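Take a look at the structure below.
The values are calculated or read from the model by the stated rules, or taken from the named source; none is laboratory data. The model shown is predicted, which means the values in this text are computed figures rather than measured ones. Cβ placement follows ideal geometry from the backbone for every residue including glycine, while neighbour counts extend to all protein chains displayed. Side chains included, ligands, DNA and RNA excluded: accessible areas come from the protein's heavy atoms. Shrake-Rupley method; radii C 1.70, N 1.55, O 1.52, S 1.80 Å.
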Amino acid sequence: DAGVIQSPRHEVTEMGQEVTLRCKPISGHNSLFWYRQTMMRGLELLIYFNNNVPIDDSGMPEDRFSAKMPNASFSTLKIQPSEPRDSAVYFCASSPQGQGSNSPLHFGNGTRLTVT
Amino acid sequence: QKEVEQNSGPLSVPEGAIASLNCTYSDRGSQSFFWYRQYSGKSPELIMFIYSNGDKEDGRFTAQLNKASQYVSLLIRDSQPSDSATYLCAVRTIFGKGTKLSVKP
């Protein structure tokens, strides 16, 4: 049974470039979450989708960040333009039920983003 | 602003000892609580979940929940060097910054 799949595993880009991170949730899971992890701020929830609809994007740091979920098996997180302070590990997680439920999260392996 | 607080550590215990990890949370209406383990360079993985006041045991792990005091803890008995990792407390989808545990042989 495949877990949450993220790509790429590593991304190095220059400041000002567009970055797109990809995620395939576990089949049958209807909730998808994007997180950012840094040493200083820990694991921060950026945005949450339920049934492909963005429910809560209050964690998205600014307009440079956008996320989409065009179907139940694919989501993207885009940063345009990227800045050095965006350097972090970005995790995608999925869950069989919504944010208010008791279901745990299943995490992908993450994308380590470095912006120079 | 919902907050989850953990002591960042590092917490160092000798092999075979009990490791005690603590977490407090701000949202009194929270219903579900999770402990995840994260090895360096890896993604978080679920260890335990607890929904009701009291203790819940799973092998060497015991989760404790006290909703009146708004804290949840994780006890690891007979700690092993392989338990060395960062332990993340989560109140549903909101995570603490984690406690780094080091188990010395």
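Figures for the structure shown
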| quantity | calculated |
| --- | --- |
| Residue list for the stretch B:3-38, filter: of a type in the set (D, E, K, R), surrounded by 13 or more Cβ atoms within 10 Å (Cβ to Cβ) and at pLDDT below 95 | B:Asp27 |
| Failed item, numbered, when A:Met60 is tested on (1) away from chain B (no Cβ under 13 Å); (2) without any contact (Cβ under 8 Å) to a residue 60 or more places away in the chain; (3) in a strand (DSSP E or B) | (3) |
| In the stretch A:65-98, the residues that are in contact with a Cys (Cβ under 6 Å, 6 or more places away or on another chain) and within 14 Å of chain B (Cβ to nearest Cβ) | A:Cys92 |
| Residue, farthest from the other protein chains (Cβ to nearest Cβ), within the stretch B:28-55, restricted to residues that are closer than 18 Å to A:Ser103 by Cα and in contact with an Asp or Glu (Cβ under 9 Å, 6 or more places away or on another chain) | B:Arg37 |
| Elements of type strands (runs of 3 or more DSSP E) in the stretch A:1-57, at least 3 residues being among the aromatic types (Phe, Trp, Tyr) | A:31-38 |
| Pairs, first free of Cβ contacts under 8 Å to residues at least 40 places away in the same chain in the stretch B:41-55, second outside any loop (DSSP other than H, G, I, E, B) and loosely packed, with under 13 Cβ neighbours inside 10 Å, C-beta under 6 Å, six or more apart | B:Met48/B:Asp58 |
| A:Ser101 within 11 Å of chain B (Cβ to nearest Cβ) and over 14 Å from the mean Cα position of the chain (by Cα) | yes |
| Top-ranked residue in the stretch B:43-59 [being assigned to a loop (DSSP other than H, G, I, E, B) and closer than 19 Å to B:Ala19 by Cβ; ranked as least open to solvent (accessible area, probe 1.4 Å)] | B:Pro44 |
| From the options A:Ser103, A:Ser66, A:Ser94, A:Ser82, residue that is in a strand (DSSP E or B), among the polar types (S, T, N, Q) and open to solvent by less than 20 Å² (accessible area, probe 1.4 Å) | A:Ser94 |
| Matching residues in the stretch A:20-55 - criterion: being within 14 Å of chain B (Cβ to nearest Cβ), among the basic types (Lys, Arg) and open to solvent by 40 Å² or more (accessible area, probe 1.4 Å) | A:Arg41 |
| Residues located in the stretch B:60-105, provided they are open to solvent by 10 Å² or more (accessible area, probe 1.4 Å), away from chain A (no Cβ under 14 Å) and assigned to a loop (DSSP other than H, G, I, E, B) | B:Arg60, B:Lys67, B:Ala68, B:Ser69, B:Gln70, B:Arg77, B:Asp78, B:Gln80, B:Ser84, B:Pro105 |
| Selection count where residues are under 16 Å from A:Gln6 (Cβ atoms) and over 11 Å from the mean Cα position of the chain (by Cα), scope the stretch A:36-73 | 2 |
